[in-house]
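The structure under discussion appears below in the form of C-alpha cells.
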Amino acid sequence: MSDLSPLAALAQTIHYCRFCPLGKLRTHAVPGEGAEDAEILFIGEAPGYHEDQRGRPFVGASGRLLEKLLARIQLMREQVYITNIIKCRPNNNRDPLPDEIAACTPYLRQQISLLSPLLIVTLGRYSMHHFFPPHTSITRVHGQPLEQEDYVVLPMFHPAAALRNPQWMQAMEADFDKIPHILQPLRQKRSQPNQTGPDDVEQLSLF
Ligand code: URA
C-alpha cells in the first residue's frame with residue numbers, strides 16, 4: 001500500500017496525466033502545493049514558464065506578489081494551498097482552452113474535496129468562472145464572497161493583472177484584507193455547525 005496521502009497520490013497521477021495535448025508539451029505538471037489542512041485554497045490560471053520548469057505553482061513575479069499579499073494578513077504560502085485551474089503550461093503562455101479546462105477540472109474537484117477548505121480564493125477570471133456564471137465580470141464581483149454549501153468563494157484579480165495596473169493592485173490589497181474577517185465566522189460555523197447565536201448572525205451577515 002502507498003504511504004502517500006490522498007492529495008499527494010493525486011499529485012502523482014497529475015504528473016503522469018495525458019488527458020489533453022499539454023501533457024506532451026510540458027516540462028513538469030504543476031499539481032499544486034501547500035498545507036494539506038489549509039483553511040484557504042488559492043486557484044490561479046495556469047503554470048507559466050518558471051512553474052513549468054520547477055513543477056511548483058506561483059514561483060515567478062506573480063508568486064512573489066502573492067507571498068507579499070499573504071504577508072499582509074500574517075500568512076506564509078506554506079500555510080495555504082495553491083493550485084491552478086489547469087495543471088500544465090499552455091504553450092507560449094496563451095490562455096487555457098475550454099477543452100484543456102474540461103480535461104483538468106476533475107483534478108480540481110478532487111483537490112477541493114480532499115482539502116475541504118473554508119475559503120477558496122480565485123485569482124483571475126478563469127478560476128472565477130469555475131464557480132460563477134459564464135458572463136460574470138471580475139471587475140464587478142471581485143472582493144465579494146459567494147457562499148456555497150461547503151465553502152465560501154472569494155474572487156480576486158490575478159496577481160499578474162495587479163502588477164500591470166496600480167488600480168487593480170489597490171483592489172487586490174483591499175480584497176486580501178477582507179480574508180481574516182471572512183474566515184473568522186466560517187471557522188466558528190464549522191466547529192459548531194448547529195449553533196447560531198447573536199455573534200454569528202452579525203458576522204455571517206457579511207454574505
Ligand atoms: N500564474 C498562474 O495563474 N499560476 C501560476 O502558477 C503562475 C502564474
(request) Would you order Ile14, Ile40 from fewest to most other beta-carbon atoms within 10 Å of each residue's own beta-carbon? (result) Ile14, Ile40
(request) Of the DSSP beta bridges with both residues in the stretch 1-140, give the percent that are antiparallel, rounding to the nearest 5. (result) 20
(message) Output the 0 to 90 degree angle, nearest 10, between the alpha-carbon long axis of helix 98-115 and the longest principal axis computed from the alpha carbons of the chain.
(response) 50
(request) State, to one decimal in nm, how far the label point of Ala174 lies from the label point of Phe131, with both points 7 Å from Cα in the Cβ direction. (result) 1.9
(message) With 10 angstrom as the radius, rank Val153, Val30 by how many other C-beta atoms surround their C-beta, starting from the fewest.
(response) Val153, Val30
(message) Going Cα to Cα from Lys24, which lysines come in below 30 Å? Please leave out same-chain ones fewer than 8 positions away.
(response) Lys87
(request) Could you please report the charge total around His28, scoring K, R as +1 and D, E as -1 over all other residues with beta-carbon less than 11 angstrom from its beta-carbon? (result) +3
(message) Once R0 is set to 30 Å, what does the formula 1/(1 + (r/R0)^6) return for the Cβ-Cβ distance between His50 and Gln167, expressed as a FRET efficiency to the nearest 0.05?
(response) 0.70
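For the stretch 48-124, build the convex hull from the C-alpha positions and give me its volume per residue in Å³.
Numbers: hull volume 8.0 nm³, N = 77.
Enclosed volume per residue, from the Cα hull, is 104 Å³.
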(request) Would you mind getting me the FRET efficiency between His28 and Ile73? Use the beta-carbon distance for r and R0 = 22 Å, nearest 0.05. (result) 0.15
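Taking the Cβ of each residue in Tyr16, Tyr49 as the centre, tally the other Cβ atoms inside 10 Å and list the residues starting with the fewest.
Tyr16, Tyr49
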(message) Please compute the modelled spin-label separation between Arg187 and Leu4, points set 7 Å along Cα→Cβ, answer in nm with one decimal.
(response) 3.2
(message) At 7 Å along Cα-to-Cβ for each site, give me the label-to-label distance between Ser116 and Thr13 in nm.
(response) 1.9
(request) For Lys178, go through the lysines and keep the ones whose alpha-carbon is under 19 Å away, minus same-chain ones fewer than eight residues off. (result) Lys68, Lys189
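We did not get these values from a lab; they are worked out from the coordinates using the rules stated. Bear in mind the structure is a predicted one, so any value in this text is a computation, not a measurement. Backbone-built Cβ (ideal geometry, glycine too); neighbour counts: all protein chains shown.
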